[in-house]
Amino acid sequence: MVETVSVSENGDFVTVNFGTTRHRFHAIWLRDNALDPETRSAGNGQRLITLADIPADVRISVASPVANGTEVSFTPEAKTVQFTAEWLIENAYYHEKRSDFTLPQHVETWDKDLQTNVPTGYLPDVAQAGSALQSWLFDVRRYGFAKLTGGTVESGALLQVAAMFGYIRETNSGKWFEVRTEVNPTNLAYTGLGLQAHTDNPYRDPVSTLQILYCLENSAKGGDSMVIDGFRAAEKLRELNPTGFDLLSGYPARFEYAGEDGVCLRSRRPMIELPPDGQLVGVRFNNRSTAHIVDVPFDQMSDFYTAYRQFADIIDDPDLAVSFKMKPGECFIVDNTRVMHARKGYSGEGSRWLQGCYADKDGLLLTLTAMERRVEAAE
C-alpha cells in the first residue's frame, strides 16, 4: 500500500512512501513508462510514443495515493496516469551506486559439490511440455547446464531436444555437427585428445548462447564429459586477484577460427564480460581459439597474462568440475555464455560419437517465463 506521496519543489521527481520502504521516481521516467493506452499498446505492451513526443520540460504537477497505488499528473501536457504500488516497487531503480559485481537474477554458482545432485531430466517426461519441462528449464537457468536421459539413439535426435524450448541456430557447420575422431580434423574436438574446459565458438559475434551435446555411441575408454561454472571461476578470480579480474573484464581479448577453406571467424570481447552496472554477463574462454591479444596497454600486459594464467588455473581446478560419462540416448545442455565444458582423452578402442548443435538462450528463457506466468496466473 502507498501511504504518502510527495512531489519535489520543482516537480522533477516524486517520493512514494510504502510504509517500510520509500522510492523516488523522476518525472521523465514516469512519463516515459506510463501504461495508459495512449502511451503503450494494450495488445503487445510496446511503446507508442518516442522521447521527442514528451515535452523536454515535463514536470509532475500533482501526485497522490489512490486505492491500488499512485496517481500522477504531468505538466505541461495536463496528462494524468496511475501506477500500481506493485508495479512501482517491482520497477524501482537504484539511488545509490550499485555493487561493482553481482550475479544475474535466478543464477546460482556451483562447484564439484553439485556432483552429488547433477540436474537431470528424463527426456520422455520432459518432452510432454508440462511440469517436468519447466523444472528442467529452471535448472538450466539456475545452474547453466542440465542433463537428459532416456532419449532415442538415432542421428538427429538432438533437434527434438532444441524444439522443446526454441529453435536450432544453424551455423556454417550446418544444423548440427559430428563429434568423433576424424582423419586430418578441422578442429581438435574431432580427435581423441582431451580438451581443456572452454566455451564454444568464442570467435562468433554474437556467440552461440546454448549448446546441446547428444550421445549416440560411447564405448571408448575414457572420454568423460566435464562442466565447469565460469561464473564461479570469475568469482574466485575476483576474490583472489581483484586487479586481475578488472584487467580481464576491462580489456578485450581476440578470438579467431580459420580451420576450414573459406571460413574465417573473429570476435573481440573480454574474457569476463561485465557491463557498467557490475552484473556479470558472460565468460568467453577457449585457449585453442584465442588470437593475438593486442588491446592491452604495454605496461599492463604482463599483469594481464598473470591474471589470464590464474583464471586458467582456477578453471582447471578439479574442485570446480562436475564430470559424467555419457551413455547412448543421453545429452546435456550448457549455457555457452557461462558454463565451460571439457573432455577427458579417450583411446582408440571402442567408439565415441556425439552430435552437437546450437540454440539461443532467449528461446529457452521465453518458454520458461511463459510457463511460470501461466502457473502464477492459475494460483
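Below are the figures for this structure:
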{"quantity": "Percent accessible area from carbon and sulfur atoms, the chain, protein chains only, probe 1.4 Å", "calculated": "49 percent"}
{"quantity": "Calculated diffusion of the range 108-171, Stokes-Einstein form, Kirkwood radius summed over Cα pairs, 25 °C and 0.890 mPa s, µm²/s", "calculated": "192 µm²/s"}
{"quantity": "Fraction in percent of alpha-carbon pairs per bin - 5 Å, the range 66-179", "calculated": "2, 8, 11, 13, 12, 11, 9, 9, 8, 7, 5, 3, 1, 0"}
{"quantity": "Net charge contributed by nearby residues that have their C-beta within less than 15 Å of residue 254 (K/R +1, D/E -1)", "calculated": "+2"}
{"quantity": "Greater than 29 Å apart at Cα, pairs in 79/361; 112/327; 147/344; 236/344", "calculated": "79/361"}
{"quantity": "Protection-proxy order for peptides 21-29, 334-342, each taking the mean of Cβ atoms within 10 Å per residue, highest first", "calculated": "334-342, 21-29"}
{"quantity": "Positive-pole candidate from 199, 222, 61, dipole of the chain, charges at beta carbon", "calculated": "222"}
{"quantity": "Ordering of 361-370, 241-250, 34-43 by burial proxy (mean other Cβ atoms within 10 Å per residue, highest first)", "calculated": "241-250, 361-370, 34-43"}
{"quantity": "For the chain, radius of gyration divided by Kirkwood radius, i.e. Rg to Rh on alpha-carbons", "calculated": "1.05"}
{"quantity": "Relative contact order of the chain, defined on C-alpha pairs under 8 angstrom at six or more residues apart (%)", "calculated": "22 percent"}
{"quantity": "Charge dipole (debye, nearest 20) of the chain; +1 at Cβ of Lys and Arg, -1 at Cβ of Asp and Glu", "calculated": "660 debye"}
{"quantity": "Rounded accessible area per residue of the chain, 1.4 Å, Å²", "calculated": "51 Å²"}
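The values are calculated or read from the model by the stated rules, or taken from the named source; none is laboratory data. Given the structure is predicted, the values throughout are model-derived calculations rather than measurements. Virtual Cβ from ideal backbone geometry, glycine too; neighbours counted across all protein chains shown. Only protein heavy atoms, including side chains, enter the accessible area calculation; ligands, DNA and RNA are left aside. Shrake-Rupley method; radii C 1.70, N 1.55, O 1.52, S 1.80 Å.
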